[in-house]
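Asks: One structure, as structure tokens, below. Some questions next.
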Amino acid sequence: MTSRNRPTGRRVRTIGVSEPGCPVLLDDVEPEPGPGQAWVHTLWSGISAGTEVALVRGTDPHHRMGWDPEQRSFDPGGLPAGYPVLGLGYMEVGRVTESRTGVLAEGQLVALAYGHRTGRCADPAQRPVIPVPDDLDPLLGVYLAQMGPICVNGLLHAAAAFAGPGAPLDAGVRGRRVLVTGAGVIGLITAMLAVRHGAAEVLVAEPSAERRGVAAALGLPAVDDADGQAWRAAKDRWRAGPGDRGADVAFQCRGHDAALATALKALRPQGVVVDLGFYQAGAERVRLGEEFHHNGLSVVCAQISRVPRGMAGTWPRTALAAVTVDLLRERGDDVRRHLVTDVLPFEAGPALLADLAGRRLPSPPLQAVLRFAEPG
């Protein structure tokens, strides 16, 4: 490589995927901070198992089909995204070690979504940079830039579905009976947010006894959905009138069609499923000619790249993060104790992801966090 073609900037290490099934540590280059930018040295990075394992396995639809960004549609005959994948992850906390912007002070702890990498040139004008408050356990900052906002955005979609654009955040849950399918991190945080924002009752449906135990430790009633029958608990528990039983709203937080089927069957007539799951296959267990049709139900996708139509101006990512901060100030000790199950060195990340992708762990982490060395 000639000097003209050699990448310039700061060398970092990152976790990527060399080919399907092979997560690895890779070398990469970040630009030097320019005016308005800062250098962030990573301290913690949370693993989002569902999204990252899909990229490791190659089951993400972008790696099976071509994606047309103009049509915003997948084409089975198109060219899929290739390997290597140079970055995984979106739950990072770091320390500002150099700053060329008045927005970020040197020594400040911040949360961003930039992947498992040892450092980043951060530009607050291009990507949200969320300050980690001094009164918060800094490790919990992994939830501020994206994971927490994913869950808050779910509540926002419920509010818009029930009360339209401009509705307050609690409009979809306050005084309502709420079912959450899935006691993973997204499901548990969503359930805690629903409680905090005034839900009349919250019930969590989860097939894993271990995860139902975590829900119970967080004060969230949970029911077994291993046989797909948890919907009966919602129907038996909640009765609004003759022929009117079930949850007002269900937050579907698993990437499995069986969980979506449970959520639909659990709703009262004209109820709403807010779907936060990331599906990597079909949905053969969902029967649109059954409860969906006969009870007049709705399914809304709450995808983090957008808030409900008409709400973008009042709900930027920083506002979603602020709601997450409020929850963590109230429940941070519980989250740290019950959700964060594994903290391990950055260098151990590829092996953990390979084990998760290969289903080799008898008890997978609920939330694994990678630890980086402090800046020297």
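Asks: Could you list, in sequence order, all residues of segment 346-368 that are within 13 Å of E52 (Cβ to Cβ) and not charged (D, E, K, R)?
Replies: Of everything in segment 346-368, those that are within 13 Å of E52 (Cβ to Cβ) and not charged (D, E, K, R) turn out to be G349, P350, L352, L353, A354, L356, A357, P364, P365, Q367, A368.
Asks: So for segment 158-175 (the condition being surrounded by fewer than 22 Cβ atoms within 10 Å (Cβ to Cβ), in contact with a strand residue (DSSP E or B) (Cβ under 9 Å, 6 or more places away or on another chain) and part of a loop (DSSP other than H, G, I, E, B)), does at least one residue qualify?
Replies: Yes, segment 158-175 contains at least one residue that is surrounded by fewer than 22 Cβ atoms within 10 Å (Cβ to Cβ), in contact with a strand residue (DSSP E or B) (Cβ under 9 Å, 6 or more places away or on another chain) and part of a loop (DSSP other than H, G, I, E, B).
Asks: Which condition breaks for L297 when tested against (1) touching a helix residue (DSSP H, G or I) at 6+ places or on another chain (Cβ under 7 Å); (2) without any contact (Cβ under 8 Å) to a residue 24 or more places away in the chain; (3) not basic (K, R)?
Replies: So L297 meets the others, but not (2).
Asks: Shifting gears a bit: Tally time: how many residues in segment 139-156 are surrounded by fewer than 24 Cβ atoms within 10 Å (Cβ to Cβ) and either out of contact with any Lys or Arg (no Cβ under 9 Å at 6 or more places or on another chain) or charged (D, E, K, R) (or both)?
Replies: Count: 2.
Asks: Could you tell me which of the residues P138, P207, P149 is touching a residue at least 12 places away in the same chain (Cβ under 8 Å) and either touching a strand residue (DSSP E or B) at 6+ places or on another chain (Cβ under 6 Å) or hydrophobic (A, V, I, L, M, F, W, C) (or both)?
Replies: P138 is the lone residue from the list that is touching a residue at least 12 places away in the same chain (Cβ under 8 Å) and either touching a strand residue (DSSP E or B) at 6+ places or on another chain (Cβ under 6 Å) or hydrophobic (A, V, I, L, M, F, W, C) (or both).
Here is a yes/no grid of residues against (1) hydroxyl-bearing (S, T, Y); (2) in contact with a helix residue (DSSP H, G or I) (Cβ under 9 Å, 6 or more places away or on another chain); (3) surrounded by fewer than 18 Cβ atoms within 10 Å (Cβ to Cβ):
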site	(1), (2), (3)
A49	no, yes, no
T59	yes, yes, yes
R64	no, no, yes
P69	no, no, yes
L88	no, yes, no
E106	no, no, yes
L109	no, yes, no
C121	no, no, no
D135	no, yes, yes
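Asks: What's the number of the only condition in (1) open to solvent by 30 Å² or more (accessible area, probe 1.4 Å); (2) without any contact (Cβ under 8 Å) to a residue 60 or more places away in the chain that A281 fails to meet?
Replies: (2)
Asks: Can you find a residue in segment 179-187 that is assigned to a strand (DSSP E or B), open to solvent by 30 Å² or more (accessible area, probe 1.4 Å) and modelled with pLDDT of 95 or more?
Replies: No, that holds for no residue.
Asks: Those residues that are surrounded by fewer than 16 Cβ atoms within 10 Å (Cβ to Cβ) and in contact with a strand residue (DSSP E or B) (Cβ under 7 Å, 6 or more places away or on another chain), I need them from segment 26-46; list them, please.
Replies: If the condition is that a residue be surrounded by fewer than 16 Cβ atoms within 10 Å (Cβ to Cβ) and in contact with a strand residue (DSSP E or B) (Cβ under 7 Å, 6 or more places away or on another chain), then D27, V29, P31, E32 are the ones that fit.
Asks: Tell me, which residue of segment 271-289 that is of a type in the set (A, V, I, L, M) and in a strand (DSSP E or B) is nearest to the chain's Cα centre (by Cα)?
Replies: V274
Asks: Here is a further query. It is to be established whether one or more residues within segment 134-144 are on the phi > 0 side of the Ramachandran plot, out of contact with any Pro (no Cβ under 6 Å at 6 or more places or on another chain) and at pLDDT 95 or above.
Replies: no
The values are calculated or read from the model by the stated rules, or taken from the named source; none is laboratory data. This structure is a prediction, so every number in the text was calculated from the model and none was measured. A quick note on method: Cβ atoms are made from the backbone with ideal geometry, for glycine too, and the neighbour counts reach across all protein chains shown. All accessible areas refer to the heavy atoms of the entire protein, side chains included, with ligands and DNA or RNA removed. Shrake-Rupley method; radii C 1.70, N 1.55, O 1.52, S 1.80 Å.
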